[in-house]
Amino acid sequence: QRSPAYVKQVARVWRQAIDESGAHPEAFQVKPEWNQELAKVSEGAQTTLGAYNRPWQ
């Protein structure tokens, strides 16, 4: 379960990205500041290794 502050931050960044992609779809790029803002509220790793992560081998 996520806090209201987490939801607010993530929704704000996503809204900016969606608006930017809609306004300029041909030139859309992820802005580094979006990733920086999301990194502030992330927990643990930001990628999932899944079946490829086998530290015992």
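The values are calculated or read from the model by the stated rules, or taken from the named source; none is laboratory data. Because the structure is predicted, anything quoted here is derived from the model rather than measured. Counting neighbours? That spans all protein chains shown, and the Cβs are built from the backbone with ideal geometry, glycine included.
Quick notes on this structure:
- Look at segment 16-28: where a residue is modelled with pLDDT of 95 or more and a partner is surrounded by 10 or more Cβ atoms within 10 Å (Cβ to Cβ) and not in a helix (DSSP H, G or I), sitting 6+ places away or on another chain with Cβ atoms under 6 Å, you get Ser21/Phe28.
- Within segment 12-44, considering residues that are in a helix (DSSP H, G or I) and charged (D, E, K, R), the one surrounded by the fewest Cβ atoms within 10 Å (Cβ to Cβ): Glu26
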